[in-house]
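Only one structure is covered here, and it is reproduced in the block below.
Nothing in this text is a laboratory measurement; each read-out follows from the coordinates by a stated rule. Just so it is clear, the model here is predicted, and its values are computed rather than measured. All Cβ positions, even for glycine, are placed from backbone atoms using ideal geometry, and neighbour counts span all protein chains on display.
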């Protein structure tokens with residue numbers, strides 16, 4: 001016993017080093033369950049308010065670009081509205097378009113963002129008090145951005161598409177074949193689409209949109225276009241490179257999507273797995 | 001003593017903010033990212049006890065982790081750096097080069113000594129950091145080149161910082 005204590009005392013620095021490394025390792029491995037170490041992320045009050053201050057300062061320099069973005073989005077919405085009004089004239093009785101309240105949108109601003117890590121996250125300036133909840137999708141003017149996993153009183157954060165720990169269910173717009181889209185950690189402009197079988201006809205430039213199966217995003221939100229595809233001999237699926245429509249280096253204003261029937265859908269799906 | 005403590009505390013806050021708000025947003029070709037915050041561990045006095053070095057390394061890394069959503073990654077790398085520091089110092093200096101009450105700075109230790117010191121420790125830190133971050137040896141060359149480029153960038157910043165701020 002005594003010699004053991006002497007041994008420990010002699011090499012105490014080395015053992016302290018090992019202990020601290022083990023703690024770090026536990027933190028790294030456990031982080032896969034985002035919620036467990038909730039306070040160790042950028043939606044906590046201290047780091048989020050620092051980020052917000054910095055973002056308040058720098059956002060002035062981006063006003064011009066943001067205005068252009070908003071104007072463009074506005075124009076798109078106007079055209080959609082026009083089309084709807086035309087529809088409305090022809091069918092007064094058909095209110096299915098208007099009464100579809102499955103999804104609700106809440107605008108927010110990105111106060112922190114990165115593209116150069118293996119696991120990139122966005123932090124937003126809206127939180128619990130603004131009605132933000134876990135598992136709400138984040139959509140930018142050019143399509144899907146990410147999903148909310150952590151919410152504090154005034155802030156929320158979560159992985160963007162540029163995060164190797166997150167996948168999104170996506171489909172090819174023209175023929176509805178769906179697969180799972182993920183980032184391979186290299187170029188922030190490109191992602192991969194998996195699980196598309198060989199017999200599907202593809203072309204470079206085909207649009208990729210959300211499938212709507214994940215219940216986080218509505219169906220048909222833009223993700224990107226096919227940049228190149230090929231199939232390895234022996235594999236069952238295409239390897240498809242997607243050029244993302246969202247520029248993650250400049251994005252600043254987003255909308256959060258709330259699925260009002262999310263709980264109902266998940267409960268229903270859980271019953272399936274119980275059987 | 002109190003003055004020194006205050007000086008190091010201010011340096012800590014400035015370095016963490018600099019890292020989180022400015023340097024983390026620098027992207028040369030998308031992948032290269034300098035981690036200047038290690039300067040804090042490099043500049044601690046020679047007499048700092050080893051256990052204190054380790055604790056400071058761990059908590060400095062944890063601070064950076066909180067700001068960049070990477071719990072444990074920076075903490076492990078910076079602890080590693082703090083563990084290596086005394087060995088690096090022993091390796092490159094003879095008994096009489098280190099005087100009492102001089103911090104390991106360029107102006108006291110000379111350019112050659114400081115460059116070797118920074119080179120060894122920053123390289124070790126960055127290699128550890130980037131490999132822990134990807135958590136695989138797949139794409140070894142890619143990760144290696146990322147860490148080497150970032151290390152070069154960090155070393156240049158560390159040397160510049162010695163000429164700009166810590167001249168005295």
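Legend: P(r) of segment A:36-259 from all alpha carbon pair distances, 5 Å bins from 0, whole percents, reading 1, 7, 13, 16, 18, 16, 12, 8, 5, 2, 1, 0.
On the basis of the beta-carbon distance and an R0 of 51 Å, residue A:30 and residue A:82 show a calculated FRET efficiency of 0.50. Helix content alone sets the calculated 222 nm mean residue ellipticity of chain B: runs of n ≥ 4 DSSP H residues at -39500 (n - 2.57) each, divided across all residues, give -22500 deg cm²/dmol. Simple spin-label estimate for residue A:184 and residue B:8 gives 4.6 nm between the two label positions (7 Å along the Cα-to-Cβ direction from each Cα).
The protein assembly as shown: Rg/Rh from Cα coordinates, Kirkwood Rh? We get a ratio of 1.05 for the protein assembly as shown. Mean silhouette area of chain B, derived from the convex hull of its C-alpha atoms and averaged over all directions, reads 9.8 nm². For the residues of A:110-117, the average number of beta carbons from a partner chain within 10 Å of their own beta carbon is 5.
Take the Cα of residue A:9, step 7 Å toward its Cβ, do the same at residue B:142, and the gap between the two points is 5.2 nm.
To the nearest whole percent, what portion of all C-alpha pairs in segment A:133-188 is separated by more than 12 angstrom? Tail fraction, whole percent: 70. Across chain A, the mean sequence separation of Cα contacts (distance under 8 Å, 6 or more residues apart), normalised by length, yields a relative contact order of 17 percent. Packing here is the average count of other Cβ atoms within 10 Å per residue, and on that basis the peptides B:105-112, A:20-27, highest first, run A:20-27, B:105-112. Length available on full extension from residue A:233 to residue A:68: 0.36 nm per residue minus the Cα-Cα distance, which gives 54.8 nm. For chain B, the relative contact order comes to 24 percent (Cα pairs under 8 Å, sequence separation of at least 6). Against the longest alpha carbon principal axis of chain B, how many degrees, from 0 to 90 and to the nearest 10, is the axis of helix B:73-92 turned? Approximately 40 degrees, to the nearest 10. Only alpha carbons enter this Debye calculation for segment A:215-275, each as an equal point scatterer, and the log10 of I(q)/I(0) it gives at q = 0.27 Å⁻¹ is -1.10. Ordered by the count of other Cβ atoms within 10 Å of each Cβ, fewest first, B:4, A:130, B:65 give B:4, A:130, B:65. Relative to the dominant Cα principal axis of chain A, helix A:262-274 is inclined by about 70°. The long axis of helix A:45-59 is offset from the longest Cα principal axis of chain A by roughly 50 degrees. Shielding of peptide B:70-83 by partners, expressed as the average count of other chain Cβ atoms within 10 Å per residue Cβ, is 6.
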